[in-house]
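Here's the structure we're looking at; comments come further down.
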Amino acid sequence: MPQKNSARRDGLMSELYDESRRYMAAYALFNQAVADHLRLHPTDVQCLNLLSLEPGPVTTGRIAELTGLTTGSATRLVDRLERAGYLTRERDSEDRRRVLVTVVPERMAELGAFWRRLNGAWGTMFDAYSDAEVALLIAHMKRTVELSATQVERLRTGDLD
């Protein structure tokens with residue numbers, strides 16, 4: 001439900017926009033630090049993150065969809081992650097023309113252990129929130145993911161009006 005304009009609302013929205021910019025910058029810098037630590041590209045880290053949410057092997061085309069990269073860039077990303085030991089490529093047994101990309105379980109387990117070491121601090125931060133506040137954060141994140149996809153599409157097509 002849209003809120004009525006008021007001086008308080010205007011102030012809150014201004015603060016929200018400023019803090020959201022800090023939040024996004026902090027996340028981008030955190031992602032870069034994680035990538036640097038792992039000796040990966042930041043996009044590679046996010047690709048591994050997204051692949052860990054997929055139910056099974058995927059095509060390079062699916063990786064392009066997940067990351068928003070072109071198929072050529074997605075192929076180069078897969079090349080890097082294969083060299084780093086995180087992914088393997090195999091011919092699809094049902095369609096020999098297709099190549100499936102699979103995560104290497106041992107490497108993903110190492111990555112999972114790394115994330116668990118970092119997640120303790122996040123868990124402590126979230127302990128300060130009630131269940132209702134955590135539910136609000138989840139709803140916000142889901143809506144942000146949806147809106148981000150729409151905004152990415154607008155940017156790619158040049159439809160900024």
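The values are calculated or read from the model by the stated rules, or taken from the named source; none is laboratory data. Small disclaimer: the values here were computed from a predicted structure and weren't measured. Virtual Cβ from ideal backbone geometry, glycine too; neighbours counted across all protein chains shown. With ligands, DNA and RNA removed, areas are computed over all heavy atoms of the protein, side chains included. Shrake-Rupley method; radii C 1.70, N 1.55, O 1.52, S 1.80 Å.
Run down R89, R76 and say which single residue is in contact with a strand residue (DSSP E or B) (Cβ under 8 Å, 6 or more places away or on another chain), among the basic types (K, R) and not in a loop (DSSP other than H, G, I, E, B). Break it down stepwise before answering.
Details: R76 fails: in contact with a strand residue (DSSP E or B) (Cβ under 8 Å, 6 or more places away or on another chain).
Being in contact with a strand residue (DSSP E or B) (Cβ under 8 Å, 6 or more places away or on another chain), among the basic types (K, R) and not in a loop (DSSP other than H, G, I, E, B) holds for just one of R89, R76, which is R89.
Please go through the range 101-157 and pick out each residue that is within 19 Å of the chain's Cα centre (by Cα), closer than 21 Å to V34 by Cβ and open to solvent by 80 Å² or more (accessible area, probe 1.4 Å).
E110, R116, R117, W122, M141, V145 - these are the residues of the range 101-157 that are within 19 Å of the chain's Cα centre (by Cα), closer than 21 Å to V34 by Cβ and open to solvent by 80 Å² or more (accessible area, probe 1.4 Å).
What pairs can you find where one residue is in the range 1-26 and closer than 18 Å to H140 by Cβ, the other is at pLDDT 95 or above, and their Cβ atoms are less than 8 Å apart, with a gap of 6+ or different chains?
none
Identify, from the list L69, L48, L53, the residue that is within 16 Å of the chain's Cα centre (by Cα), under 20 Å from Q32 (Cα atoms) and either open to solvent by 50 Å² or more (accessible area, probe 1.4 Å) or at pLDDT below 95 (or both).
Working: L48 fails: either open to solvent by 50 Å² or more (accessible area, probe 1.4 Å) or at pLDDT below 95 (or both); L53 fails: under 20 Å from Q32 (Cα atoms).
Of L69, L48, L53, the one residue that is within 16 Å of the chain's Cα centre (by Cα), under 20 Å from Q32 (Cα atoms) and either open to solvent by 50 Å² or more (accessible area, probe 1.4 Å) or at pLDDT below 95 (or both) is L69.
Return the pair list, or none, for Cβ contacts closer than 8 Å from residues in the range 41-67 that are closer than 19 Å to V145 by Cβ to residues that are open to solvent by 30 Å² or more (accessible area, probe 1.4 Å) and acidic (D, E), at least 6 apart or on different chains.
From the range 41-67, the pairs are R62/E54; L66/E54.
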